[in-house]
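The values are calculated or read from the model by the stated rules, or taken from the named source; none is laboratory data. None of the values given here were measured: they were computed from a predicted structure. Cβ placement follows ideal geometry from the backbone for every residue including glycine, while neighbour counts extend to all protein chains displayed.
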Amino acid sequence: MKPHVICLMACGVDGRTLQSRWRPKSAAGDQFERVHDELGGDAWLIGRVTGQEFAKGKAYPVSTRETFPRESWFAWRDAKAYGVVLDAHGKIVWGRSDIGGDPIVVVLSETVPDAHLAGLRSEGVSYFFAGKSELDLALTLEILNRELGVKRLLLEGGGGANGAFLRAGLVDELNLIVCPAVDGAKGAPSVFDSTEAEADRRAPVTAMTLESSRPIEGGAMLLRYRIQNAPPRPTDA
């Protein structure tokens, strides 16, 4: 079963999300946290680049004598909320087991070496596998629901992760905090991004319905859209 996926992002009026570049400067971080709490997700999910910003470690051992099965390993199963991070190739050295009190759960591919798994286990960082060499996002959601009971997931960037879920037809709702600021630079990160190879792949969004809009502190607006996706195409037998 797929959790209800809510993309929550803050951006300037041009859709750019790197707040350090905004002019004038904005206190969007405080607004973002308040809306995050209001939405009450069972888990929140970010991509590798965003996840790296929370890492505190320097390095895991480069080798281990241990061999680990490519099976889910959870240090926690009863948390109020989880911080889920996509890290297909095991790049992040955490140096911590939680973010803001929410236990970290890393989504890996099966190519990740045993030494990295040993490092995650030594720090109490949960992980599971969602693909051989690349991540299957639909499978990621299914495992989160089945193994951790996640029914409501907040998708919180960066733009690459958001764009991948959008193109996969997996985003059900968008909560966008539009702040009175502008970046204006070509190539600056935006709410939904893609690689060059993915640039021609369109999201299967068939409708977006404005459910609500309201002003919030600092002259920002919170826009809530319900997203309708085309049904997935049947796979070839």
**Prompt:** Out of (1) touching an Asp or Glu at 6+ places or on another chain (Cβ under 9 Å); (2) more than 20 Å from TRP22 (Cα to Cα), the odd one out for GLY160 is which?
**Reply:** (2)
**Check on GLY169, on the phi > 0 side of the Ramachandran plot, in contact with a strand residue (DSSP E or B) (Cβ under 7 Å, 6 or more places away or on another chain) and at pLDDT 95 or above** = yes
**Prompt:** Condition test on ASP78, is it in a loop (DSSP other than H, G, I, E, B) and surrounded by fewer than 15 Cβ atoms within 10 Å (Cβ to Cβ)?
**Reply:** yes
**Prompt:** Among ASP78, ASP37, which is the only one that is charged (D, E, K, R) and closer than 30 Å to MET221 by Cβ?
**Reply:** ASP37
**Request:** Take the residues in the stretch 195-209 that are modelled with pLDDT under 90 and part of a loop (DSSP other than H, G, I, E, B), then tell me which one is surrounded by the most Cβ atoms within 10 Å (Cβ to Cβ).
**Result:** ARG201
**Request:** Kindly indicate whether ASP102 is without any contact (Cβ under 8 Å) to a residue 12 or more places away in the chain, farther than 15 Å from MET9 by Cα and within 15 Å of the chain's Cα centre (by Cα).
**Result:** no
**Request:** Output yes when any residue across the stretch 18-25 is at pLDDT below 95 and under 14 Å from GLU156 (Cβ atoms), and no when none is.
**Result:** yes
**Request:** Collect the residues in the stretch 135-155 that are crowded, with 23+ Cβ neighbours inside 10 Å and assigned to a loop (DSSP other than H, G, I, E, B), keeping them in residue-number order.
**Result:** VAL150
